[in-house]
Structures are given as C-alpha cells and as structure tokens.
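What follows is a single structure, written as structure tokens, with notes after it.
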Amino acid sequence: MKKLTVIAAAIVMAFAMGLYAADKLVIDDCDDGDAQGLAGGWWYAYNDSQSGGNSTVTPGPGKFEMAKQSKGYAAQLKGTVGNKLGWDFIGMGVTLTKEAGCPTAKPVDVSKYTTLTFKMKGTFTGGRLVVRLPYTENKCAEGSYEQKTLTEWADYEVAINSKLSKDWVTVRLDLRKDFKQPKWAKKNVDIETVLKNLKNLDFHFSSPDGDSIDVTIDEIAFE
C-alpha cells in the first residue's frame with residue numbers, strides 16, 4: 001500500500017510539473033487529441049446563430065473535436081461567416097480549468113504571468129481574427145452554460161491577422177501591452193481585474209463580407 005501511495009504521488013507530481021513547467025501555465029498542448037485541455041478545461045466552438053446570424057463553423061457548437069496533424073493534434077477553427085448581422089462571427093475557445101466553466105464558473109488568477117503564447121497556422125479570405133479575454137460574472141445564468149458579460153462584450157482583445165501564415169508560427173502576446181478594449185467600449189475595466197478573474201480564452205473571427213477562415217492553434221500557455 002505504501003509503495004502504491006508513493007507511485008500515485010509521483011504521478012500527481014509529474015502532471016503538476018508538466019502543467020506548471022518553468023513557471024508557466026499550460027492550457028493545452030493538444031497531444032492527447034481530446035477536447036479537454038491539459039489544465040482540465042474544455043474546448044468549444046460557437047457561431048452567431050443565437051443572435052440570428054447564419055455563419056457556419058466546423059465542428060459545430062457542442063461537437064468540438066481536435067484536428068489530426070502530421071504529428072499529433074491541434075485545435076482548429078474552420079468556417080464561413082454569414083451576411084445577416086453586418087459583423088457576423090464564428091469562434092472557438094477553451095475554459096482554463098474544469099471549474100472555470102459552468103456550473104461552477106470559478107475564475108483563474110493569471111495576473112502573475114506576462115505573456116500568452118501559442119502556435120498557429122492557417123489561411124483566411126478577409127475579416128478579423130482576434131484573441132479575446134472574456135470578462136464575465138463568476139456564476140452561470142440559471143439553466144444556461146453561459147455567464148453574463150461584465151464589459152458589454154467589449155472584452156480585451158488583440159488582432160492576430162498579420163501573424164497568420166500557412167506554416168506554423170509562434171505567437172507571443174504581452175498581456176498588458178498588446179491586449180486592449182475596443183475603442184467603442186462603454187464600460188472600461190482594468191486589465192488586472194480581468195487577469196485575476198479569467199475563465200476562458202476565445203479565438204474570434206468576424207467579418208461583414210462572408211469571409212472564410214481555416215486556422216489551427218496549438219501549445220497554448222501563460223508564461
């Protein structure tokens with residue numbers, strides 16, 4: 001029994017070392033090929049259907065699957081935005097931990113980190129691809145898997161269009177210098193408040209012209 005306890009402790013320690021290696025929080029390396037992140041959160045996809053839009057995303061909402069690569073797996077956002085709303089959208093994201101999603105909606109404090117890093121490759125025909133840091137209530141709406149926005153949807157974001165390439169590139173984003181709220185934001189929130197209460201990351205693509213995108217993301221971490 002003592003030997004089994006030691007082995008179990010070693011396994012837990014090895015996992016923790018991988019998750020927090022070199023003082024970084026690895027959200028997912030996608031190596032296992034499933035929709036659950038390394039930190040315990042879950043990947044998801046979304047479109048504008050709940051807002052009356054006709055954008056399409058693959059895999060569809062509630063059906064997220066990792067995309068097979070030449071070596072291992074990666075998260076893939078693939079789809080076409082519609083033309084009904086004027087600024088139609090699709091996206092994918094991941095909750096940071098298992099508890100960060102509904103029904104618990106427990107935030108994660110990432111304020112000790114300075115950088116969000118990930119690898120990506122892909123193509124798009126136009127439009128705007130951003131990484132967003134959604135700031136939402138620390139509770140879920142009754143009977144829903146959503147949390148109410150605390151920024152009126154004007155979340156901190158950074159455009160990454162110019163970094164997109166057909167070949168893998170490593171993206172490093174300064175959490176305090178690169179991320180900004182949109183100019184149209186009516187409710188300004190301090191970035192430190194957002195970083196101390198983060199629950200998920202979104203890769204959000206929007207366009208008014210029916211554009212398409214196929215982007216693959218891998219090795220997401222806070223450093």
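The values are calculated or read from the model by the stated rules, or taken from the named source; none is laboratory data. This structure is a prediction, so every number in the text was calculated from the model and none was measured. Cβ placement follows ideal geometry from the backbone for every residue including glycine, while neighbour counts extend to all protein chains displayed.
A few notes on this one:
- Enumeration of residues in region 176-188 that are part of a loop (DSSP other than H, G, I, E, B) and either touching a strand residue (DSSP E or B) at 6+ places or on another chain (Cβ under 8 Å) or closer than 18 Å to residue 112 by Cα (or both): 176, 177, 178, 179, 181, 182
- Taking the numbered list (1) touching a residue at least 24 places away in the same chain (Cβ under 8 Å); (2) closer than 19 Å to residue 111 by Cβ in turn, residue 177 passes all entries but (1).
- Single match in 112, 84 (criterion: of a type in the set (Lys, Arg) and over 20 Å from residue 38 (Cα atoms)): 84
- At least 1 residues being within 22 Å of residue 149 (Cβ to Cβ) and more than 16 Å from the chain's Cα centre (by Cα) is the threshold, and among the strands (runs of 3 or more DSSP E) wholly inside region 24-112 those reaching it are 88-95.
- Residues in region 190-223 that are part of a loop (DSSP other than H, G, I, E, B) and either within 14 Å of the chain's Cα centre (by Cα) or of a type in the set (S, T, N, Q) (or both): 197, 199.
- Odd one out for residue 85 among (1) closer than 16 Å to residue 212 by Cβ; (2) surrounded by fewer than 21 Cβ atoms within 10 Å (Cβ to Cβ); (3) touching a Gly at 6+ places or on another chain (Cβ under 7 Å): (1)
Results for (1) surrounded by 14 or more Cβ atoms within 10 Å (Cβ to Cβ); (2) not β-branched (Val, Ile, Thr), shown as yes or no for each residue.
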residue: 173; (1), (2): yes, yes
residue: 182; (1), (2): no, yes
residue: 186; (1), (2): no, yes
residue: 198; (1), (2): yes, yes
residue: 204; (1), (2): yes, yes
residue: 211; (1), (2): yes, yes
residue: 215; (1), (2): yes, no
residue: 221; (1), (2): yes, yes
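- On inspection, residue 192 passes the criterion of being among the acidic types (Asp, Glu) and out of contact with any Cys (no Cβ under 8 Å at 6 or more places or on another chain).
- Region 124-149, subset at pLDDT 95 or above, surrounded by 18 or more Cβ atoms within 10 Å (Cβ to Cβ) and assigned to a loop (DSSP other than H, G, I, E, B), residue farthest from the chain's Cα centre (by Cα): 127
- Whenever a residue of region 73-99 is in contact (Cβ under 8 Å) with a residue 24 or more places away in the chain, its partners that are among the aromatic types (Phe, Trp, Tyr) and not in a strand (DSSP E or B), lying with C-beta atoms within less than 9 angstrom and at least six residues away or across chains, give the pairs 75/64; 81/87; 92/64.
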